[in-house]
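The values are calculated or read from the model by the stated rules, or taken from the named source; none is laboratory data. These numbers were taken from a predicted model, which means no experiment stands behind them. Backbone-built Cβ (ideal geometry, glycine too); neighbour counts: all protein chains shown. Each accessible area value is taken on the protein alone, full model and side chains, heavy atoms only, with ligands, DNA and RNA left out. Shrake-Rupley method; radii C 1.70, N 1.55, O 1.52, S 1.80 Å.
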Amino acid sequence: MMKSHAAQASDLARAPKGADGRQRAIIENVQPTVDGGRFAIKRVLGEPVIVEADAFTDGHDAVRARVRYRGPQREWRELDMEALGNDRWRTQFHVDSLGLWEFEVCAWVDHTLTWRRELLRREDPADVLLALKVGATLLDEATARASGAHAKQLASYAAELRAIQDPAHGKQLALAPELDALVARYPQRRFESAAGPFGVRVDPIRARFSSWYEFFPRSTAREPGKHGTFADAEARIDYAAELGFDVVYLPPIHPIGRIKRKGPNNTLTPGPNDSGSPWAIGAREGGHKEIHPPLGTLEDFMRLLAHAHSRGIELAIDIAFQCAPDHPYVQTHPEWFRKRPDGTIQYAENPPKKYQDIYPFDFENEDWEALYAELIDVVMHWARQGVRIFRVDNPHTKPFSLWERLIAEVKVQAPDAIFLSEAFTRPKVMHRLGKLGFTQSYTYFPWRNTKLELTAYFTELCLGPGREYFRPNTWPNTPDILTEYLQIGGRAAFMTRFVLAATLSAAYGIYGPAFELMEHEPREPGSEEYRDSEKYQIRQWDLQRADSLAPFIARVNRIRREHAALQSDWSLQFIDIDNEQMIAYMKSAPVPNGSGPNAERDHIIVVANLDPWHAQSGWLELPLGTLDLAVDRSYRVQDLLGGGSFLWQGARNFVRLDPNGAVAHIFHLRRRVRTEHDFDYFL
């Protein structure tokens, strides 16, 4: 017989079995957490974790709350939480080592604190004397929990409270701050409530702030038409370092299949010397753990890795879990692939696109556990060689469970590993990948062009709840993406999109040299594919071209390195400007080594013209309160991008940008510093 709705509701309302009814403190709404603690939040080395929670109890008893936290292989530490009002509490701790941290929020009813609060309100002398004896009993209990000198002090306080005959003196003694601090060291936490533990994944600083440069090693030979090698690629590493990049990403470096190999522009009729797509992985020379022979050997790769490190660059490689038809896995593990009714293996498709040179894995096969283990070992193999950054191709087409297991296992051995998710797919899928452990994620930035689109999207990315686990990495182009804006907008379009990518997000990347040389011809009208795409053929690039954007890119990267405001995302604030073709925003950060209420803050204000063909102008409305600026005082802003400075006053100031000259301003402003002579100055 089914229960009534009332009976079912009664069942749900009962306390959980085994719960101690004397645990009266309630803990709710702990932040920051992801899905109630199912997934870890993310931080980088040195960042604070600001913890807030609601903690309260029935009636009028006082509550105390603390945060317990620990890093990998460390003991638990505790911090008192500060009462913010309305039963909300807060504290913070800093993470100073890589790996998975955890924290808990704990709270309990504090009878001694309740007693002190009530004593403060008591006025009748007899009532006060009786309350002092109650307090003495509470101090006896605290004495039993203490030891050494503290136990003696508490016992002395208890004896004195019992002996006191003067209510006023007893009240003064009982409410002394010294006694409160002493008792607080030995609370009665027998009936403590706890929420957690909650995870905190701590990554290297590059996880938050990094500048990526992608190039194809096979296109680095000096001789036209010749296949480049890892030795040739060292010069391209130097070039990327000179431009200010700190991550270089290489497309797949593994043997390329010969069966169904693609020719230029993705044709099905390659010539005998056509190089094919690096994403068609695997041939008789090996698979995902081997090197494409024309690039060199594993030893050559290790030399390239060492050379990159010597230039302050981390080398990222591509992880593409798919196979060419002649990959060794196809012969040794045919059960890992899906077959058509005619017995042939199903190649990859994304209608109308067809990838006859690529076989996807069938993750629902009976031998899936062995497949998981092998793919995890692929990444571990490269981690053992010293690779620490992995750009993962199309992770949304593989099981979520694979990535959760893979990333967790790799990070046990290499806690400094970084995983970039290349998933241009539905928002919930992209966010799930971030929750599962991907360190950074590609975004929809390439297709967000208007002020309204950019403002809404980056407000969501930088200020929404997803920022706890979804770190954006903005790319204006990739080997797969040549947007219409770049196809038709000319030089100004490339410059504007670069400034936006590099300043809206602390992590960004470009596919070069196609970007700085403004490659803009699509394969055909309406396509986002490059004509003569490097995905299918070797290209020769003239890095010394007079119109190259390389100097412009180097200047913006230098600005990013020199200003902490551009090295994180959470301070992003959009600024009103009365022209829909212009966008303005700012970021802020404390000046290094600054402290105290009058410490300087570094403010970067970016204004960009979104129209690549016409000059645009508008009135900027600065938030004077945020900038600590007085309405009636002048202040100077320095244009870090174009040079020069401007003397402004008040909130409204005029800006004009011409795509034939300056497409954007990157203004620098430091907040007011009050000196002993009480005047203001700006740097």
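How far apart, in nm, are the 7 Å Cα→Cβ label points at Gln331 and Arg545?
Result for the modelled spin labels: 4.3 nm.
In what sequence, largest accessible area first, do Arg531, Arg189, Arg222 appear using a 1.4 Å probe?
Ranked from most to least accessible, the order is Arg222, Arg531, Arg189.
Just grab the label-to-label distance for Asn86 and Ser310, each label 7 Å out from Cα along the Cβ direction, in nm (one decimal).
Label at Asn86, label at Ser310, 6.0 nm between them.
Go through Ala383, Ser505, Gln331 and say which Cα lies farthest out towards the positive end of the charge dipole of the chain; charges sit on Cβ, +1 for Lys and Arg, -1 for Asp and Glu.
Highest projection toward the positive end goes to Ala383.
Could you tell me which residue out of Tyr69, Thr397, Ile604 lies farthest along the dipole of the chain toward its positive end? Charges go on the beta carbon: Lys and Arg +1, Asp and Glu -1, centred on the Cα centre.
Result: Tyr69, furthest along the dipole toward the positive end.
With every protein chain left in place, what is the accessible area per residue of the chain in square angstrom, probe 1.4 Å?
Solvent-accessible surface per residue comes out at 45 Å².
Starting from the coordinates of the alpha-carbon atoms of the range 314-401, obtain the Kirkwood hydrodynamic radius over all distinct pairs and give the value in Å to one decimal.
On the way: mean 1/r = 0.0703 Å⁻¹.
It is 14.2 Å.
Could you check the spin-label model distance between Glu562 and Ala615? Points 7 Å from the Cα along Cα→Cβ, value in nm.
2.8
Treat every Asp and Glu Cβ in the range 91-215 as -1 and every Lys and Arg Cβ as +1, leave all other atoms uncharged, and give the resulting dipole magnitude about the Cα centre to the nearest 20 debye.
Details: 15 positive and 17 negative charges, 24 e Å.
Here the range 91-215 has a charge dipole of around 120 debye.
In what sequence, largest accessible area first, do Trp89, Trp101 appear using a 1.4 Å probe?
Listed by decreasing accessible area, they come as Trp89, Trp101.
Would you mind calculating the gained length between Gln573 and His381 on full extension (0.36 nm times residue separation, minus the Cα-Cα distance), in nm to one decimal?
On the way: separation 192, 0.36 × 192 = 69.12 nm, distance 4.24 nm.
Between Gln573 and His381, full extension yields an extra 64.9 nm.
Provide the solvent-accessible area of Arg561, counting protein heavy atoms only and rolling a 1.4 Å probe, rounded to the nearest 10 Å².
Only protein atoms counted, so the area is about 130 Å².
Strictly over 20 Å apart at the Cα level, which of Lys411/Lys587; Lys262/Lys354; Lys260/Lys353; Lys262/Lys535 would you flag in this model?
Going by Cα-Cα distance, Lys411/Lys587 fall outside the 20 Å limit.
So between Lys353 and Arg652, what do we pick up on full extension, going 0.36 nm a residue minus the alpha carbon distance?
102.5 nm
In nm, what is the difference between 0.36 nm times the number of residues separating Ala144 and Leu452 and their Cα-Cα distance?
Full-extension gain reported as 104.5 nm.
I need the calculated FRET efficiency for the pair Asp96 and Thr626, taking r as the beta carbon distance and R₀ as 35 Å, to the nearest 0.05.
It comes out at approximately 0.70.
Principal axis lengths of the range 71-180 from Cα atoms, whole Å, largest first?
58, 37, 18
Does the range 204-260 come out rounded, prolate or oblate, given a ≥ b ≥ c as the square roots of the eigenvalues of its C-alpha gyration tensor, rounded meaning a/c under 1.5 and, failing that, prolate meaning a/b above b/c?
Oblate, because a/c is 1.5 or more while a/b does not exceed b/c.
Can you give the FRET efficiency to the nearest 0.05 for Thr425 and Arg22, using r as the Cβ-Cβ distance and R₀ = 41 Å? Please list the in-between numbers first.
Working: r = 50 Å, r/R0 = 1.22.
With a Förster radius of 41 Å, E is 0.25.
According to the square roots a ≥ b ≥ c of the eigenvalues of the Cα gyration tensor, what is the shape class of the range 506-548, taking rounded for a/c under 1.5, prolate for a/b larger than b/c otherwise, and oblate for the remainder?
oblate
Going through the DSSP H helices of the chain, which span 15 Å or more along their own axis at the Cα atoms while scoring at least 1.0 as a mean Kyte-Doolittle hydropathy?
490-504
For a label point 7 angstrom out from the Cα of Ile488 toward its Cβ, which stretches of the range 498-538 have the backbone nitrogen within less than 20 Å?
Once the point is set 7 Å along Cα→Cβ of Ile488, 498, 518-531 turn out to lie under 20 Å by backbone N, inside the range 498-538.
How high is the FRET efficiency from Glu242 to Leu130, r the C-beta distance, R0 60 Å, rounded to 0.05?
0.15
Nearest 5 is fine: what % of DSSP beta bridges in the chain come out antiparallel, could you say?
75
Quick one: accessible surface of Phe646, probe radius 1.4 Å, all protein chains present, in square angstrom to the nearest 10.
Accessible area, nearest 10 Å²: 80 Å².
Would you list the P(r) distribution for the chain, with all Cα-Cα distances sorted into 10 Å bins from 0 and each bin expressed as a whole %?
3, 12, 19, 20, 17, 12, 9, 5, 2, 1, 0
Starting from the Cα of Lys171, draw a straight line to each of the lysines and keep only those under 16 Å, dropping any in the same chain fewer than 8 residues away.
Lys133
Hey, what D do you get for the range 532-657 in µm²/s if you plug the Kirkwood alpha-carbon radius into Stokes-Einstein at 37 °C and 0.692 mPa s? The partial results should precede the final answer.
Values: Rh = 17.2 Å.
Taking Rh from Cα pairs, D becomes 191 µm²/s.
Treating the beta-carbon of each Lys and Arg as +1 and of each Asp and Glu as -1, no other charges, what is the dipole magnitude of the chain about its Cα centre, to the nearest 20 debye? It would help to have the intermediate numbers written out before the result.
On the way: 83 positive and 92 negative charges, 114 e Å.
It works out to roughly 540 debye.
Given a 1.4 Å probe and every protein chain left where it sits, what share in percent of the accessible area of the chain is carbon and sulfur?
Its accessible area is 51 percent carbon and sulfur atoms.
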